[in-house]
Amino acid sequence: MKNILEIRNLQTEFSTEQGAVQAVRGVSITLGEKEVLGIVGESGSGKSQTMFSVMGLLSANGKITSGEILLNGEDISPLAFTSEKEYEKRMEKLRGNDMAMIFQDPMTFLNPVLRIDTQLMEPILNHTNLSKEEARKQAIELMRKVGIPSPESRMKQYPHQFSGGMRQRIIIAMALACNPQVIIADEPTTALDVTIQAQVLDLISNLKHEINSSIIMITHDLGVVASICDRIAIMYGGKIVEVGTDEDIFYDPKHPYTIGLLSCVHNPEEESKELKPIPGSPPDLLDPPKGCPFVDRCEKAMKICKEQMPSVSVFSNTHECSCWLHHEMALKGGDVK
Ligand code: SF4
Ligand code: MG
């Protein structure tokens with residue numbers, strides 16, 4: 001499979017009054033053609049900041065300090081440009097056209113005082129040579145594609161005239177407008193109630209067979225990615241701690257944090273099963289632990305875990321995990337150190 005996006009050893013920091021927060025600490029991941037990749041972790045794990053780094057949407061106090069972000073082989077990290085102006089120019093071309101983002105809360109993205117047709121036609125008019133009439137036709141087609149009933153009659157309405165679920169469908173339509181190579185969805189269903197959540201997930205799941213884009217789904221809920229993603233990366237403390245196919249992650253999880261997350265997933269077949277949140281809180285990224293980021297919450301922690309960052313164990317060509325438990329010494333029953 002051809003890689004559309006390849007992130008190599010990305011590090012992103014935020015300067016704060018207390019010091020530099022190391023939000024993304026050496027993340028490497030690939031996204032293949034037409035692949036759906038889930039990035040899962042608690043809030044503060046660095047998953048959104050990794051993607052904001054890719055999109056060039058970090059807040060003013062954030063900056064990429066090292067690494068590469070290859071889109072079809074071209075490095076689009078700000079570090080690869082001679083000036084911030086050059087970088088911004090390139091990103092403006094890419095955003096909406098080659099890469100689009102779907103945000104958690106549609107209302108922060110839709111302009112409340114502009115009609116839906118204006119907002120939906122804008123990316124089409126900006127990035128293609130279509131006439132206004134053709135753009136309107138395409139906008140109506142997109143509304144139909146994302147399941148908005150009688151789109152012709154709703155084109156002239158304003159965002160507040162749509163329900164939350166319908167607004168999220170409009171955002172998805174806007175992201176699809178220019179056939180981007182990469183769509184990044186940041187917690188696209190979190191702000192919606194459960195039934196609507198399921199409908200929007202169904203929509204994304206159906207769309208993945210119809211469109212040519214590769215999709216990254218960011219979520220704190222492993223249950224959300226279960227039915228949609230081909231591959232899943234688990235993030236913790238600014239790092240990817242495990243990556244694998246959906247089967248690797250759900251049927252053969254290796255990292256104690258992944259195992260913990262799985263016990264928080266609601267299984268409709270086991271109504272009575274109690275969900276077990278993982279006790280403790282994520283590490284302080286102002287002063288990240290020297291060793292494994294999960295050490296303070298891990299029931300299996302060993303001496304070495306506090307002292308050294310775990311090396312990567314490779315289980316198959318799809319499945320990797322960073323945990324000392326899978327180091328060959330620990331597997332032989334000896335203490336790792
Ligand atoms: Fe737990 Fe150690 Fe593995 Fe980290 S490296 S997850 S602390 S066993
Ligand atoms: Mg987030």
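A compact table of results
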item	result
Some residue of segment 121-129 being surrounded by fewer than 17 Cβ atoms within 10 Å (Cβ to Cβ) and not β-branched (Val, Ile, Thr)	yes
Within segment 155-211, tally of residues that are over 18 Å from ARG144 (Cβ atoms) and either among the charged types (D, E, K, R) or within 16 Å of ligand 2 (Cβ to nearest atom) (or both)	10
Filter result for the condition that a residue is over 30 Å from PRO289 (Cα atoms), surrounded by 15 or more Cβ atoms within 10 Å (Cβ to Cβ) and within 16 Å of ligand 2 (Cβ to nearest atom), over PHE103, PHE81, PHE52	PHE103
Long-range neighbours under 7 Å by Cβ, at least six apart or interchain, first residue under 20 Å from MET174 (Cα atoms) within segment 86-97, second charged (D, E, K, R)	none
The listed residue being within 19 Å of GLU88 (Cα to Cα) and more than 16 Å from ligand 1 (Cβ to nearest atom), out of GLN11, GLN49	GLN49
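Here is a yes/no grid of residues against (1) modelled with pLDDT under 95; (2) within 16 Å of ligand 1 (Cβ to nearest atom); (3) surrounded by fewer than 23 Cβ atoms within 10 Å (Cβ to Cβ); (4) under 30 Å from PRO288 (Cβ atoms):
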| site | (1), (2), (3), (4) |
| --- | --- |
| GLY165 | yes, no, yes, no |
| PRO180 | yes, no, no, no |
| VAL194 | yes, no, yes, no |
| ILE211 | yes, no, yes, no |
| GLY223 | yes, no, yes, yes |
| ILE228 | yes, no, yes, no |
| MET235 | no, yes, no, yes |
| ILE240 | no, yes, no, yes |
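Let's see how each residue does on (1) at pLDDT below 85; (2) surrounded by 13 or more Cβ atoms within 10 Å (Cβ to Cβ); (3) in a loop (DSSP other than H, G, I, E, B); (4) within 16 Å of ligand 2 (Cβ to nearest atom):
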{"residue": "ASN267", "(1), (2), (3), (4)": "yes, no, yes, no"}
{"residue": "SER272", "(1), (2), (3), (4)": "yes, no, yes, no"}
{"residue": "LEU275", "(1), (2), (3), (4)": "yes, no, yes, no"}
{"residue": "PRO282", "(1), (2), (3), (4)": "no, yes, yes, yes"}
{"residue": "PRO288", "(1), (2), (3), (4)": "no, yes, yes, no"}
{"residue": "PRO293", "(1), (2), (3), (4)": "no, yes, yes, no"}
{"residue": "CYS305", "(1), (2), (3), (4)": "no, yes, no, no"}
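The values are calculated or read from the model by the stated rules, or taken from the named source; none is laboratory data. The shown structure was predicted, so the numbers you read here are calculated from the model rather than taken from an experiment. All Cβ positions, glycine included, derive from the backbone under ideal geometry; neighbour counts span all protein chains shown.
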